[in-house]
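Notes follow the structure.
The values are calculated or read from the model by the stated rules, or taken from the named source; none is laboratory data. What you see is a predicted model, and the numbers here were worked out from it, not measured in a lab. For neighbour counting, all protein chains shown are included, and Cβ atoms are generated from backbone atoms with ideal geometry for every residue, glycine included. What goes into the accessible areas is simple: the full protein's heavy atoms, side chains included, and nothing from ligands, DNA or RNA. Shrake-Rupley method; radii C 1.70, N 1.55, O 1.52, S 1.80 Å.
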Amino acid sequence: MASAYLTTPIYYVNAQPHLGHAYTTIAADTYARHMRQRGEDVFFLTGTDEHGDKNARVAAERGMTPQAFVDENSAAFRRMTDDVLATPDFFIRTTDPGHIAYVQSFLQTLKDNGHVYEGVYEGLYCTGCEAFYKEEDLVDGLCPDHGTKPEWLQESNWFFRLSAFQERLLAHFDANPGFVSPASRFNEARSFVAGGLEDVSLSRASIDWGVPLPWAPEQTCYVWFDALLNYRSAMSYARPGEDLAPRYWPPRWQLLAKDILKFHAVIWPAMLMGAEMELPERLMIHGYLTVREAKMSKSVGNVLDPFAVIDAYGVDALRYYLLRDVRFGGDGGISYDAVHERYHAELANDLGNLVSRVTAMVGKYVDGRVPDAACDADVAAAVETAREAVGRHVGELELTEALEAAWEVVRLLNRFVEERAPWTLAKDPDRADELAGVLYTLLDGTRACTVLLAAFLPASAPRILAALGAGPDLDWSEATAGRLPAGAVVPGTEPLFPRVEEPLGGAAS
Ligand code: ME8
């Protein structure tokens, strides 16, 4: 059985989860669910990034201890994960004792391997990014992401010899053109490496809220080193008593947005090289969801509320909308109006009505049971085409293309109803066989298509299958025509995607 390890970034808990976080988690979950359907041994990791000055400062402002603060906010991210129906195999927190122990042993390995030295750091630091900036990278003296003034820092630190890895990194990029997707991000990361690398500070003297360096416990590990290691530390303690690394390492896909490309495509692989570990196979750098042109972010505050969308339209509407409206990989504007529009046009009309109409006709014309007939050959062929395309696209994390391929079948079935007009066939007893074939095709085609869509629409897929009289099996082998057993009762359903009168208001409309 193939194993598939995939990760999302671990999110900062300095504020509440927003749609941007839900987006990466939903995308990764869609992949995880799909690969489970295909019988792969999936390990899907997400979680929270809890150390660093950013959290300590907000905690202090609230009069809380950092631990109490991160406990509360990590729980909000955990709830978000559940609310979007994500199914991680482990939810990591960087305050887990298992993670802390792993970070310490990894740092010791880096040091033992000669990649760590002591020096003095002087520079501009943005707490929002938890990163150092060069003067020339600032915009009018302000952080390009946060619009805040970075602070001047000078302290004695331990450094990671990143510069020593330039050649090896370049060789890795050149030997693995699929290492970073899409290609534009690959080029960006490669040229960053080619432009020359400076060593990076791996510890901070002035910050207490972090993992103490094993050899200099008065310093804490720079939060990005601590955070990146989550992907590897989870392997060591997610299943007590079992080292998961031999089974899952390295990750097949790591998902993230372009804001943290450099950390993942440059520092992270260099750290792994320094510890003589295998690098992740591929990084998927998706774009930003933007609201009226501006990147959504907690620090900027122009967020679109995923929970409001879920309350109004249901979780599948959120998942579908995010992966359908913005081509996965690129940037895209989102709005409550667009959610409203796609929900009604595609989920309610194309898919929901198809299920309602077909099951109602089966009730009316053939006693509410699956007719004994075969699936139409053209529909069966279209299902095969879609099955191959959905599988191929999801494998490449081309999630929008995968949805489009599955939707071809939904559209075909809608045309099939109109063209074959079961209501006309039902009037002529001599055409009973033809009617049976048409209704079987509609039931079975919708069933197979639902299996294709199940990773995208995890709440609705089981309801649709039940409505059609199909069993709950989502195994990929079911995504083929002719599996619906004749004679099964077709219970039908309440509307799957009921009308919502008004779009949500607020910032995005
Ligand atoms: O950077 N559009 O955490 P973070 C798309 N803790 N995706 C978005 C988004 C948007 N507008 N906003 C956020 C951190 N994201 C670090 C990561 S990993 C070792 C440490 C998603 O809370 C996207 O995946 O700022 C982005 O990379 C991530 O959230 C940043 O989350």
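Counting only cysteine Cβ atoms and a cutoff under 4.7 Å, the chain contains unmatched residues CYS221, CYS375, CYS449. Here the contact order of the stretch 335-478, divided by its residue count and restricted to Cα pairs under 8 Å and six or more residues apart, works out to 29 percent. Bridges between two residues of the stretch 3-303, per DSSP, are antiparallel at a rate of about 50%. By the helix-only formula, in which each DSSP H run with n ≥ 4 contributes -39500 (n - 2.57) and the sum is divided by residues, the chain has a 222 nm mean residue ellipticity of -13500 deg cm²/dmol.
Using the Cα gyration tensor of the stretch 1-156, with a ≥ b ≥ c the square roots of its eigenvalues, what is the shape: rounded (a/c below 1.5), prolate (a/b larger than b/c) or oblate (neither)?
Working: a/c = 1.83, a/b = 1.47, b/c = 1.24.
Prolate, because a/c is 1.5 or more and a/b exceeds b/c.
Taking the Cβ of HIS51 as the centre, find all other residues whose Cβ is under 13 Å away and add up their charges (Lys, Arg: +1; Asp, Glu: -1).
-3
Per residue, the chain exposes 39 Å² of accessible surface when a 1.4 Å probe is rolled over the protein heavy atoms with every protein chain present.
Run through the DSSP bridge list for the chain and note the antiparallel percent, rounded to the nearest 5. Bridges in the chain are about 50 percent antiparallel. The value of relative contact order for the stretch 3-303, using C-alpha pairs under 8 Å at least six residues apart, is 22 percent. Kirkwood Rh over Cα pairs of the stretch 335-478 into Stokes-Einstein at 10 °C, 1.306 mPa s: D in µm²/s? Answer, rounded: 101 µm²/s.
Residues with beta-carbon under 11 Å from that of ASP226, excluding ASP226: net charge, scoring Lys, Arg +1 and Asp, Glu -1?
On the way: positive: ARG204; negative: ASP49, GLU50, GLU130.
Net charge around ASP226: -2.
Share of carbon and sulfur in the accessible area of the chain stands at 50%, probe radius 1.4 Å.
At most 13 other Cβ atoms within 10 Å and a DSSP loop assignment: could you name the trypsin sites (Lys or Arg not before Pro) in the stretch 58-92 that fit? Could you put the intermediate results ahead of the total?
On the way: sites: ARG62, ARG78, ARG79; in loops: ARG62.
Listed in order of number, the matching sites are ARG62.
May I ask for the net charge around ALA479, where only other residues with Cβ less than 11 Å from the Cβ of ALA479 are counted and Lys, Arg are +1 while Asp, Glu are -1? Can you show the working numbers first?
Details: positive: ARG38, ARG387, ARG447, ARG483; negative: GLU384, GLU388, ASP473, ASP475, GLU478.
Every neighbour counted, the sum reads -1.
Eigenvalues of the alpha-carbon gyration tensor of the stretch 3-303, scaled by 5 and square-rooted, set the equivalent ellipsoid semi-axes at 26, 23, 21 angstrom, largest first. One decimal place: the segment GLN166-ALA68 gains 31.2 nm when fully extended, by the rule 0.36 nm per residue minus the C-alpha distance.
May I ask you to derive the relative contact order of the chain, considering only C-alpha pairs under 8 Å and at least 6 residues apart, and to give it as an integer percent?
Numbers: 891 pairs, mean separation 78.4, N = 509.
About 15 percent, as a whole number.
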